[in-house]
Structures are given as C-alpha cells and as structure tokens.
Amino acid sequence: MIKFYSIFLVLLVLVPGAVMAGNDVPFEKQRIALEELKNNVSKEVFVKWNKKKGIAKYVSGRLTTPSDLSAEELSKAFIAQYRVLFGINDCDKELELIPSDITLKASFIHYKQKRNGLDVVGGKITVRLNDGIVTTVANSFEPHISIKTTPEISPENAMEIARAAVEIQDNETKVSLLVFPWEDKHYLTYRVDFCFHSGQKPTKYRVYVDAITGDIILVENRIMHEGASLGSGIGVDGALKIFDTYERGGIFFLGNLPIPQSEITIKTYDAHNTENLPGSIVRDDDNTWEDPAGIDAHFYGNVVFDFYRDNFGNFSWFSKSGFKQSGGLVSSVHYGVNFENAFWEGRQMVYGDGDKLFRPFSGALDVVAHEITHGITEAINDLLYCSEPGALNESWSDIMGMFVSISYGDDLPYWSAEEIIKIDETSGFEAFYALRRMDDPPFRTDAFPDNDYDSSDPLNSWGQPEHTSEQYFARCFPWTDNGGVHVNSGIPNKAAYLITLDIGSEKAQEIYYYAMFYLSTLSLFQDARDAVEQSTIDLFGVGPELTSVQNAFDAVGIGP
C-alpha cells in the first residue's frame, strides 16, 4: 500500500578515537580494547557508542592490515578479537554467518544474533571490507538478554491464537520460536507467518505471540503497499514507450531475456480483473501493444532495474529476495476490480487499475520504483512493517523512487504518483494533486488547506508530518496503519530531500543505497540517521557531505 511509537533516541557520540577521552567509553574493558585496536592498526578510529546498551554501534576507519584471509575469515577474526566492544561473549554461540553482499563499493559480511540457538529478531552485525581491509563494523547486537528461552505454550496454541487475531483459518502457516526485542523489552515469542491472501485488502500477516503468556505482541501485515525484440505501445500517460519483448512461435510476450550479467528476467502478467496471481503473461500478435497498464508495468520495471544495475553495479541482494523465487521481476496488472492500490506481495509486483482516485498504478514510475524497492529492502534488511521500522521501510521506497525519478528526468521528482492522480480533476478536490511530497510532506506550502497534515487526525490526513514533534504514535495493528508506517515516513523523507537538494542526487543515492546494508529488522529513526551518517563517512569521509546529512536529520527532529 502506498498511502495511506514512543520514539526511542539512543545517546550516541561520534568522536575520533585519536582524541577520545577514556570517560567517553562505557566500560574500562572497552577502553582497553579500543586502545589495543588503535595501537595495532591506526589512531584514526571512529566510534559511535550506544551508551544505553553499553556497546559500540559503529566502529570505522582502517581497522585491519592487509591479509590473505577471506572476507568471512577476516571479519570473524576481527569481531572475535574485539568482541568486548560489541557486547559479545562467545562468537561461536552468539553469531551465525548469513549470506553476504558483494557490491562495487565494498563487501558487506553479515552475522545474525543467536540466543540459546534461537534467532534474535533485529540482532545483526555487518562488517564492511574494502580491498581486503575491514573498514566498518555496524552493530545491532542485543547484549543484555536475560529472558528464559523455554516456551510455556505450544506452537499449536500460538497458531490458534494468531488465527483468531487475524480471523484467518489458514492451514499453511509457519511457526518460529525466537527472541523478540520490542519497545525496550525482550520477549520469547512465536512468530506465525500466514500465506498471501488476495482481496480488496490483500494480506500477508505475521503475528508475534508471547510464548510465555500467549498475548499478542503485534500483528504485521507484510503486504507493502505500493529472443529479444523491441515492442512499442502507448502508456497510461499517453506517451509512446519502447521496450524489450520476446517472441515464440510468432507470438510476442511482454517479457525480456535475462538482464546482462544477472539472472533477472522481467515479465508482465494480466490478472484479468481477478485476484488470482500472477494471471497469464501478456501477449500480442504484432509487437505493437495496446494495454497501457501492462506497457507501463513492463517499461518502468525495466527502468527501475536498469537504475539499480547502472548505479550500484550488481544485484547482490537478488539471491535472498522474493524476486529469486519468481525467477526475476514478475508484475501483474489489472488486479481485482477497481482496486485502488499497488503492492509487493513477497514474490512479485501487483498493480490495480484504480477507480475514483487513481488511474492504473503502473502508470507512475515512482510508484513502480517504490514497490520494487520494498522487495529489495526485504532482502537486504527485512525492516519490520510496523511503527518506526515500517515507516523507514516506506521511506526508503519513497526515497529510491525519488532518485529513480530524478535519473529518469521527471519534472516533479519530489512528488509521488502525481501522474496517476485522478481526484484532482473533480470539482472541489483540486488540492489532491499528488499522493505525497518529499519536499513538503504536510502539503502546507500550497494554496489548498484541505490536504494539510493534521496531527490531531493523522490517519485521515492527506499530508504527513515532517518533524518528530508531529509524529503519530500508536500500537502496531493493521487498523492503525501498522503504527503509522505511511504517516510517519514523511519525517525521514524530508531529511532525504534536504540532503539531495544540498549535495546532489548522485551522492545522495549512493549514501542511501549503501546505508540499507547497515539497517536491521528493528531499526528506528535514530538508527537510520546513524546508518546514513556511517554510509556517508564510508563513501566521502568526514566532510561537507556528512555535515549536510547531520543538518538534515537535525531539521526533522531526529537528533544525534
């Protein structure tokens, strides 16, 4: 879905290790470890501390000397040697290597946290290496877990509790026992994952059930709303589009052969106004296409994947993504009847035709980029689709959609879905001319007060907050916009706009793309600032770009 708690700010200090006073370090044993690191390699070590948890959140600089060890071996050895900085007692028991990301700029080696053999949701350490040298460690480890890890209710009981909560009697559920840090507490939980259910309100529920008490902790709906030949056709906007297709036996199909140097094919299907996915692949007799929604889904899908490939060099996340399950980018148009939305289903893109408010959703490039980015975010950091993590999930989709629009030459790249808005053509509704504005989330700079953000009625406002002083707080349920994921995304969106305006989109898009690898499932707004700051340091050092990032987050109330 495209449109439509307390915020926890961790005290962090970024200071060069060479001038760091001992009392800036939470514990004496960490001061000793940090001095050892500086003496072994370089005095220029930057540390950002999470003083509440008593651990280093980021350590960066030239952290190791050249080595013949593999990236995995070197990262593991470094973490083990300096584990006291990160709150780790036993690397072998508490960390598990998970698939890495090899990009043009660096290698990112990831570890997930374990507690007595159970996954800790959001517990993650990422090691960045350049040319065989460790340059950054990003730490989302939970160091003070004291709960017992033996459940008091059965998986079957948890499943029934979850089914009752979402009113779905689904036999195909997956139940996992894990440790869940949420709102400053740790829970032993069963996570119950439901299959995708189609309908006018598509769902793919994930329910967290307390494994001790049987209480519902939260309900998450993971539907995240929003031979080669050349074919041509008119898109939703009335413009001619030219795009790759392929031919078999004299019939042309709305798909293309794998993108060079990747496994990715792009195929577009027609759901024929049903809720059966994916439907049938769109086909044509003469390669001159007449379905504007299908044309744009296919054409813009190629534009988005070209953007990711051309700017970031690879699809390191592909093998971990739902795209891999579908063999590439699969899109379905004409979902349902008058369906006013678009969404990422977990394996494919789905676009409705719109009704009273919108034209077909595939007709807006930023909407296509937004939804595809949900699939990429899910593969890289799997941000929880609730509260602040969910708002970041939405925000990153908006932000990357903005960058795609700038790259494509959109006249209004800071506006979202303005190409498919229909409501503004109705007398009395002229105020509703764009779905969102990155430059003005509350819509307060125009002449239409009807669409302004109202903090007293956030779920019924067209605009969004642009500062944490107007942030919406609610428990995470589907009827609260999953704790405000679409409402509160305006806050980090405005920061990204300010950064882009100041340093330019080429630098900003690199910063935001590589920051994705530092986020974890439960990242909050403060964590987003830290990740963007660290990505900036990685790419451009401590200079004007970092100042721009810091000023932008300060401006929206996400402080250091």
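For Ala379, all conditions in the list (1) aliphatic (A, V, I, L, M); (2) crowded, with 24+ Cβ neighbours inside 10 Å; (3) more than 20 Å from Asp237 (Cβ to Cβ) hold save one; what is the number of the exception?
(2)
Report, by residue number, each residue of region 396-445 that is open to solvent by 10 Å² or more (accessible area, probe 1.4 Å), part of a loop (DSSP other than H, G, I, E, B) and aromatic (Phe, Trp, Tyr).
Correct list: Tyr414, Phe429, Phe432, Tyr433.
Which residues, counting only those in region 85-101, are over 19 Å from Asn130 (Cβ atoms) and surrounded by 18 or more Cβ atoms within 10 Å (Cβ to Cβ)?
Of all residues in region 85-101, those over 19 Å from Asn130 (Cβ atoms) come to 85-99.
Correct list: Leu85, Phe86, Gly87, Ile88, Glu94, Leu95.
Tell me, please, whether a residue that is buried (at least 18 other Cβ atoms within 10 Å of the Cβ), touching an Asp or Glu at 6+ places or on another chain (Cβ under 6 Å) and more than 17 Å from Met400 (Cα to Cα) can be found in region 457-467. Before you say what the answer is, go through the steps one by one.
Going residue by residue through region 457-467, those that are buried (at least 18 other Cβ atoms within 10 Å of the Cβ) are 458, 461-466.
After this cut, where a residue has to be touching an Asp or Glu at 6+ places or on another chain (Cβ under 6 Å) as well, the list is 461, 463.
In the following step, the residues that additionally are more than 17 Å from Met400 (Cα to Cα) were identified as 461, 463.
Checked region 457-467: at least one residue is buried (at least 18 other Cβ atoms within 10 Å of the Cβ), touching an Asp or Glu at 6+ places or on another chain (Cβ under 6 Å) and more than 17 Å from Met400 (Cα to Cα).
Within region 111-122, is even one residue part of a loop (DSSP other than H, G, I, E, B), touching a Leu at 6+ places or on another chain (Cβ under 9 Å) and under 23 Å from Ala379 (Cα atoms)? Talk me through it step by step, then tell me what you get.
Here is the first cut: in region 111-122, the ones part of a loop (DSSP other than H, G, I, E, B) are 116-117.
Adding the requirement that they be touching a Leu at 6+ places or on another chain (Cβ under 9 Å) leaves none.
So far as region 111-122 goes, no, none of its residues is part of a loop (DSSP other than H, G, I, E, B), touching a Leu at 6+ places or on another chain (Cβ under 9 Å) and under 23 Å from Ala379 (Cα atoms).
In region 536-560, how many are part of a helix (DSSP H, G or I), buried (at least 24 other Cβ atoms within 10 Å of the Cβ) and either in contact with a strand residue (DSSP E or B) (Cβ under 9 Å, 6 or more places away or on another chain) or hydrophobic (A, V, I, L, M, F, W, C) (or both)? Give the steps one after another, and end with the answer.
Taking region 536-560 as the starting set, the residues that turn out to be part of a helix (DSSP H, G or I) are 536-540, 544-555.
Of the ones still in play, those that are also buried (at least 24 other Cβ atoms within 10 Å of the Cβ) are 536, 549, 552-553.
Subsequent filtering for residues that are either in contact with a strand residue (DSSP E or B) (Cβ under 9 Å, 6 or more places away or on another chain) or hydrophobic (A, V, I, L, M, F, W, C) (or both) retains 549, 552-553.
Matching residues across region 536-560 total 3.
Results for (1) closer than 28 Å to Lys320 by Cβ; (2) surrounded by 15 or more Cβ atoms within 10 Å (Cβ to Cβ); (3) modelled with pLDDT under 75, shown as yes or no for each residue.
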site: Ser232; (1), (2), (3): no, no, yes
site: Gly235; (1), (2), (3): no, yes, no
site: Gly238; (1), (2), (3): no, no, no
site: Pro258; (1), (2), (3): yes, no, yes
site: Asp270; (1), (2), (3): no, yes, no
site: Glu275; (1), (2), (3): yes, yes, no
site: Ile281; (1), (2), (3): yes, yes, no
site: Asp286; (1), (2), (3): no, no, no
site: Glu290; (1), (2), (3): no, no, no
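What number of residues within region 102-118 satisfy the criterion of being open to solvent by less than 50 Å² (accessible area, probe 1.4 Å) and either acidic (Asp, Glu) or out of contact with any strand residue (DSSP E or B) (no Cβ under 9 Å at 6 or more places or on another chain) (or both)? Let's see the steps before the verdict.
First, the residues of region 102-118 that are open to solvent by less than 50 Å² (accessible area, probe 1.4 Å): 103, 106-111, 113-114, 118.
Next, from what is left, pick out any that are either acidic (Asp, Glu) or out of contact with any strand residue (DSSP E or B) (no Cβ under 9 Å at 6 or more places or on another chain) (or both): 103.
Total meeting the criteria: 1.
Considering only helices (runs of 4 or more DSSP H) fully contained in region 447-519, which possess at least 2 residues that are at pLDDT 95 or above and in contact with a Pro (Cβ under 8 Å, 6 or more places away or on another chain)? Give the steps one after another, and end with the answer.
Details: elements: 481-484, 490-503, 505-515.
Fully inside region 447-519 and qualifying: 490-503.
Among the candidates Ala138, Ala164, Ala158, which residue alone is in a helix (DSSP H, G or I) and at pLDDT 95 or above?
Values: Ala138 fails: in a helix (DSSP H, G or I); Ala164 fails: at pLDDT 95 or above.
Of the residues listed, the single one that is in a helix (DSSP H, G or I) and at pLDDT 95 or above is Ala158.
Quick one: what pairs do we get from region 59-70, first residue over 13 Å from Asn130 (Cβ atoms) and modelled with pLDDT under 90, second hydroxyl-bearing (Ser, Thr, Tyr) and loosely packed, with under 14 Cβ neighbours inside 10 Å, C-beta under 9 Å, 6+ apart or different chains?
none
Tally time: how many residues in region 173-205 are closer than 23 Å to Trp344 by Cα, in a loop (DSSP other than H, G, I, E, B) and not aromatic (Phe, Trp, Tyr)?
Of the residues in that region, 8 qualify.
Suppose we keep only residues that are open to solvent by 20 Å² or more (accessible area, probe 1.4 Å), over 19 Å from the mean Cα position of the chain (by Cα) and within 23 Å of Gly352 (Cβ to Cβ) within region 198-220. Which one would you say is modelled with the lowest pLDDT?
Gln200
If I go through region 221-230 residue by residue, how many of them are at pLDDT 70 or above and part of a strand (DSSP E or B)? Lay out the reasoning, then the answer.
Let us first name the residues in region 221-230 that are at pLDDT 70 or above, namely 221-224.
With part of a strand (DSSP E or B) added as a condition, the list becomes 221, 224.
Result for region 221-230: 2.
Please determine whether any residue of region 522-535 is at positive phi and open to solvent by 10 Å² or more (accessible area, probe 1.4 Å). Give the derivation first.
First, the residues of region 522-535 that are at positive phi: none.
No, every residue in region 522-535 fails to be at positive phi and open to solvent by 10 Å² or more (accessible area, probe 1.4 Å).
Tell me, which strands (runs of 3 or more DSSP E) lie completely within region 292-361 with 2 or more residues that are small (Gly, Ala, Ser) and open to solvent by less than 20 Å² (accessible area, probe 1.4 Å)?
Working: elements: 328-335, 342-344, 349-352.
Result: 328-335.
The values are calculated or read from the model by the stated rules, or taken from the named source; none is laboratory data. No experiment lies behind these values; they were computed from the predicted model shown. Glycine also receives a Cβ, built like all others from the backbone with ideal geometry; neighbour counts cover every protein chain displayed. The accessibility values were calculated without ligands, DNA or RNA, using every heavy atom of the protein model including side chains. Shrake-Rupley method; radii C 1.70, N 1.55, O 1.52, S 1.80 Å.
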